[in-house]
Amino acid sequence: MTAHAHTTDRHEPLDHMGFGEQDSHEARGNILLGVKLAILSEIMLFGALFAAYFVIRAESGEWPPAGLERPELLLPGLNTLLLVASSGTMQLGVRSASTGERSRILRWLGLTLLLGGIFIVIQGYEFATNGFGLGSGVFGSTFYILTGFHGAHVLIGLAFIAIVANRARLGLVSADNHVAVESTSYYWHFVDAVWLFLFSTLYVL
Amino acid sequence: MTAALRRFVPAVGLRRAVLGAVAGAGLGALLGLVLQADAGQILGLGYLLALAGFLLGIGAFRFWLRWAAARPPDLDDEHAAHGRAGDWTRYFRFTTDHKVIGVQYLVTSFLLFFTAGTAAMLMRFELGQPGVATSKDIYNTIMSTHGAMMITVALVSIIGGLGNYLVPIMVGARDMAFPKANALSYWMLPLAILLVAANPLLGGFDSGWTAYPPLSQQANLGQQAYLMAFVTVGASSILSAVNFLVTVFRMRAPGMTLLRMPIFVWAMTVTASLALIATSVVAAAFTMLLFDRLLGTAFFRATRGGDVILFQHLFWFYSHPAVYIMGLPGLGAILEVVPVFARKPLFAYRLAVLSFITIGVMSFMVWAHHMFVSGMAEFFHIPIMLTTELISVPTGIVFLAALGTIWMGRIHFKTPMLWVFGFVWAFLIGGITGVFLADVPTDITLSDTYFVVAHFHYTIVGGTIYGLFAGTYYWFPKITGRMYNERLGQLHFWWFTLAFNATFLPMFWLGIEGMRRRVADYPPALGTVNLFVSIAAFNIFLSVAVFIFNMVRSWQRGPRAVPNPWRAQTLEWQIDSPPPIQNFEQIPTVSAGPYEYGGGGGLPAEGRATP
């Protein structure tokens, strides 16, 4: 099955080991596919949590159960706007990265960080003032596991954005080498999309 | 203490990992005490921080942390992490070479296999005669531990061990796509396995590996240990699934088209897809269960509006595909071995590939056949029964691919091939008896009896473990560079197969007679058959001891293996045994399919394997 020797340098052993400095074309494709697959598994994670939510809600006579109230729509609505806007700024960051303009990358990533940071602060305020907790029956359980898992994903996304922004600040992001910004943007858009589902099912419907 | 540690833990990486785990556990316990947490919460915190400490200590994150801190990569360190041939400490530290990781997985799996087998012997000791010799609680804990560990063996042994070692070589790559993530997947396991092994110290657990609430919500800390360990193993397998898929889809050598891939690689690809998609569902279910235990949520607490059947749905939505995550790699290994020892092309290769994919898709549509007696919605019974019966069609095609290859072949009765014949017999029994469990009326009668135990062991031992043994003997010369002892291998096969059938065939009858599974006691009238079964089971254990002796001794001083002792045609046999650290001096260009044996006076010259 083997045959003639065929020299190629694109499979050198150590050039595809992750977010290297010189991400070759091959490594970039590997990383982007890897991130997409990881997101698929995350979709299933949230899918399972949503499935639990819908089943439990369908079985429960009234929703929210007597004595509990859903949070007001004002702050979560504002949060929705913030996250959608942050997806836009993230994408502008990717576009700047693909041309390697350092100041523009920093501006857009910084703005994304700010929007995501405000989201987290508002979410924390809401958690503290909701008037129900994890222990408040199935309503509290489903509400907080979904929003809590999502919030944790936002925090992870913010950490990634901060890391790539710092690398961009030091000149380590260029037109040829910005796969980290791209993968972070995939993740961030995913987190944003999950929120849209959360907002429409937990708060509105 | 450090002196003792230095003595018993030879490699620096592992030593630091142990210290990190101890420090993490201590910190977690301290934090728990300060926060006035209960015992379960302290165990949870301690485990999480111990896992973090272990991984930090082993150096799993050092390259990524460097990257995150925007420091230049330490290329010397990365090369060192890749390992050097002959340096045995690489097996005890964070090594990124896929061949080292494969061996780590294999050895870990066989150690676990042996431990879980010991638990099975204790069960058979209790079941050797009617009445309760030890105690029902002890029996339940041993039964649950046996199940939890064997499930892990079935999940990780072939894909983690043989898969890691062989898939990159078989597709003509120098390593997996993400070698560091690959090493991380392995090093997530040891602490989780230790936690399961330690569950008797935490009060044991009696829910079995299925962990149904409400029992699993009320049970001891040992139960919680199992749940946390399972989530960890799940995270590890998702990570490794991503790695396999990217490797197969993006790192194939020139000329290695998808339909020239060895069938084993195809089996691993479908397996990895299943693991990727299904695992996070069970992780979610177990997390909700842990939250119910630790944080006062009510997901599965019926008294507070929760739903216990929901847990079963989420659990089986993963765990039925998981049966194929366990089974497909075994089938892949079997189909890889057959053409080599029948000296014939694999029969219906394309159809077998299609069947693997079909099995993968359909495995998501059959989960509720585990729940016919659960009280789930009635309308769901018939559709699930039909899909379950349908999935036997692609499975049957894979089985026929093995038979069709054997048919009219020039059979070489070497040990790997013997395991293929053992597989044909065992998987046939497993498949036929599955029909009675797919059909609702018979399942309702047979549910939770030893009929299920026997069926399950005929499929998982017949599919996975027979595949694991076939593959381990087949690739042993490649992995170790030495030949195993053929006579001991054949002794292992015959002893194991006779004992295995003597153990599990009578269980079908016991089940029909009404012997309940997962119970320490049974009606006295079944005593004689159970004594026979227990004696047969001890023989399985002894035969595995022969295997382990053969492997250890042959690895130390077996005769040197030539690069291609079986005259096989897949890529791994075209390089040295054991393979050089880079796998290939130059990346090969592939010009033919993997099984072009016999037929038409030989192969094109450039595709012929060296004899």
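Quick notes on this one:
- Residues of segment B:102-166: accessible area per residue with a 1.4 Å probe, Å²: 31
- When the Cα positions of A:Phe127, B:Thr445, B:Leu49 are compared along the charge dipole of the protein assembly as shown, B:Leu49 comes out farthest toward the positive end, with charges on each C-beta of Lys, Arg, Asp and Glu.
- Solvent-accessible area buried by pairing A with B, both sides, nearest 100 square angstrom, 1.4 angstrom probe: 4900
- Mean Kyte hydropathy of -1.0 or more with a Cα span along the axis of at least 27 Å, helices from DSSP in chain B: B:12-34, B:39-58, B:98-127, B:136-156, B:221-250, B:263-294, B:308-342, B:381-406, B:415-438, B:486-512, B:527-557
- Between the residues B:Thr303, B:Phe244, B:Trp187, the greatest Cα displacement towards the positive end of the dipole of segment B:158-311, with unit charges on the Cβ of Lys, Arg, Asp and Glu, is found for B:Phe244.
- Straight-distance crosslink candidates among aspartates and glutamates, where the alpha carbon sits under 16 Å from B:Lys136 and sequence neighbours closer than 8 are dropped: B:Glu126, B:Asp206, B:Asp521
- Full-extension gain in nm, B:Phe380 to B:Val552, via 0.36 nm per residue minus C-alpha separation: 56.9 nm
- In this structure, A:Arg104 and A:Leu196 have a Cβ-Cβ separation that, at R0 = 35 Å, corresponds to a calculated FRET efficiency of about 0.80.
- Between 0 and 90°, nearest 10: helix A:179-198 axis offset from chain A longest Cα axis: 20
- Of the residues A:Ala168, A:Ala193, A:Ala51, the one that moves most in a GNM of chain A with alpha-carbon contacts below 10 Å is A:Ala51.
- Pair A:Phe54, B:Val12: separation of 7 Å Cα→Cβ label points (nm): 5.4
- Among the protein heavy atoms of segment A:128-179, carbon and sulfur supply 65% of the accessible surface, probe 1.4 Å, non-protein parts ignored.
- Ranked by solvent-accessible area (1.4 Å probe, protein heavy atoms only, all chains present), the residues B:Arg124, B:Arg482 order from largest to smallest as B:Arg482, B:Arg124.
- In chain B, the DSSP-assigned H stretches of four residues or longer account for a calculated mean residue ellipticity at 222 nm of -22000 deg cm²/dmol, using -39500 (n - 2.57) per stretch and the full residue count as denominator.
- A:Ile163, B:Ile512, A:Ile145, reordered so the largest accessible area comes first (probe 1.4 Å): B:Ile512, A:Ile163, A:Ile145
- Note: relative contact order over segment B:58-118, using C-alpha pairs below 8 Å and six or more positions apart, is 24 percent.
- Relative contact order of segment B:358-452: 34 percent, from C-alpha pairs under 8 Å at least 6 residues apart in sequence.
- Computed over the protein assembly as shown, the Cα gyration tensor eigenvalues convert (square root of 5λ each) into semi-axes of 41, 36, 25 Å, ordered from largest to smallest.
- Cβ-derived FRET efficiency at R0 45 Å, A:Leu78 paired with B:Leu428, nearest 0.05: 0.10
- Contact order normalised by residue count of chain B, Cα under 8 Å, 6+ apart, percent: 15
The values are calculated or read from the model by the stated rules, or taken from the named source; none is laboratory data. Model, not experiment: these values are computed from the prediction. Don't worry about glycine lacking a Cβ; one is built from the backbone with ideal geometry, like all the others, and counts go over all protein chains shown. Accessible surface areas use protein heavy atoms only, side chains included; no ligands, DNA or RNA. Shrake-Rupley method; radii C 1.70, N 1.55, O 1.52, S 1.80 Å.
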